[in-house]
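Report on one structure; see the data block that follows.
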Amino acid sequence: MRVCFSLRAKVFLSILLLVCSFSKVAFATPEEDAELERLDKIDQELELQRDWAKYRWGAAQHDCYSLYLVNRCLRNARAQYRKEIDPIQEQQVALHVVQRKLKASVKDQNDAKRAADRASPEKAAERTDNQREFEQKQKDAAARAADLEQRRKDAPKRSQENKAGTQLD
């Protein structure tokens, strides 16, 4: 039995091949994000087609059990299911390849942007300021801890002074 592709599937395949052929061209990030969203929608549509094919296969299996030649009917149902699902699976595999390439491109662009941000003089100055503030906070905390320790050591002496100063004779 020959499987005819719908016009939508043919358009999808042509677009997919076009995108695959230009996959090395670097897109701007918003364009890549829009492309990823479009590919996600196509993936959802393919998944829906897969689910309907699986439903039809389950219904055919159910109907086979009411026949005398069950195994033959099940083989035919399985063959029909494979005929429906194989083109969908091929499309999904090609789609996932394109999605992986786009996601890798987006990740590479984001990594390059972060590296450029780290190398900028403003960020370097900000890092030195942050380091200086951190060291100052560490010194302040050490001074507070030393002061607290000194106060703990002086606590008995202050206690004696307070007791001596509060006697009402």
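None of the figures in this text is laboratory data; all of them are computed from the coordinates on show. Since the structure is predicted, the reported quantities are computational estimates derived from the model, not experimental observations. Please note: Cβ atoms are built from the backbone with ideal geometry, for glycine as well, and neighbour counts cover all protein chains shown.
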Run the numbers for Lys41 and Lys123: contour at 0.36 nm per residue of separation, minus the present Cα-Cα distance, in nm. 25.6 nm
Determine ³J(HN,Hα), in whole Hz, for all residues of the stretch 60-71 in sequence, where each value follows from phi through the Karplus function 6.51 cos²θ - 1.76 cosθ + 1.60 and θ = phi - 60°; x replaces Gly and Pro. 5, 4, 4, 5, 5, 6, 8, 9, 7, 8, 5, 4
In sequence order, calculated HN-Hα J values of the stretch 85-102 (Karplus, 6.51, -1.76, 1.60; Hz; x Gly/Pro): 7, 4, x, 5, 5, 4, 5, 5, 4, 4, 5, 5, 4, 5, 4, 4, 5, 5
Between Glu31 and Phe134, what is the FRET efficiency for a Förster distance of 35 Å, r being their Cβ-Cβ separation, to the nearest 0.05? 0.30
